[in-house]
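Asks: Before I ask anything, let me first share the structure, which is written out below as structure tokens.
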Amino acid sequence: MAAKEQIREHIREQIKEPKRYQVLIYNDDFTPMDFVVEVLMELFDKEEAAAVTLMMSVHRGNYAVAGIYPKDIARTKAAEAVQWARSKGYPLKVEAVCCP
């Protein structure tokens, strides 16, 4: 039994967590604040109060982290946000970047 446990432990050590990616929303002077809040609520599952707080962080700074996800999910959410913004005529910039 000890050998099996050693093998299991060795396998656990070899398995790595997938890299996580941050979805960043950037500030711009053209996208309405209400739209950013809507994106945060609909695509990133934020409650209204949290979405407003995060939108204000974007507004006051250069960007804010909308969420942290595995690579594919982060890229998909970023692409959906950009596509939605473009469909409304807004230049909102959203991108997925590897967590530091």
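The values are calculated or read from the model by the stated rules, or taken from the named source; none is laboratory data. These numbers were taken from a predicted model, which means no experiment stands behind them. All Cβ positions, glycine included, derive from the backbone under ideal geometry; neighbour counts span all protein chains shown. Calculation scope for accessible area: heavy atoms of the full protein, side chains included, ligands and nucleic acids excluded. Shrake-Rupley method; radii C 1.70, N 1.55, O 1.52, S 1.80 Å.
Asks: Which residue pairs have Cβ atoms under 7 Å apart, sit 6 or more places apart or on different chains, and have a first residue in the range 20-49 that is without any contact (Cβ under 8 Å) to a residue 24 or more places away in the chain and a second that is open to solvent by less than 20 Å² (accessible area, probe 1.4 Å)?
Replies: Cβ pairs passing all conditions: V37/A51; V37/M55; M41/A51; K46/L40.
Asks: I would also like to ask the following. Taking the range 56-89 as the region of interest, how many residues are within 19 Å of D34 (Cα to Cα) and buried (at least 17 other Cβ atoms within 10 Å of the Cβ)?
Replies: Adding up the residues that qualify gives 10.
Asks: Go through the range 18-55 and give me each residue that's open to solvent by 60 Å² or more (accessible area, probe 1.4 Å), in contact with a strand residue (DSSP E or B) (Cβ under 8 Å, 6 or more places away or on another chain), more than 15 Å from P91 (Cα to Cα) and not charged (D, E, K, R).
Replies: Scanning the range 18-55 gives a single hit, P18.
Asks: Moving to a separate point now. Search the range 61-97 for residues being free of Cβ contacts under 8 Å to residues at least 24 places away in the same chain and of a type outside the set (A, V, I, L, M, F, W, C), and hand back the single one that is farthest from N27 (Cα to Cα).
Replies: Residue satisfying both the conditions and the ranking: D72.
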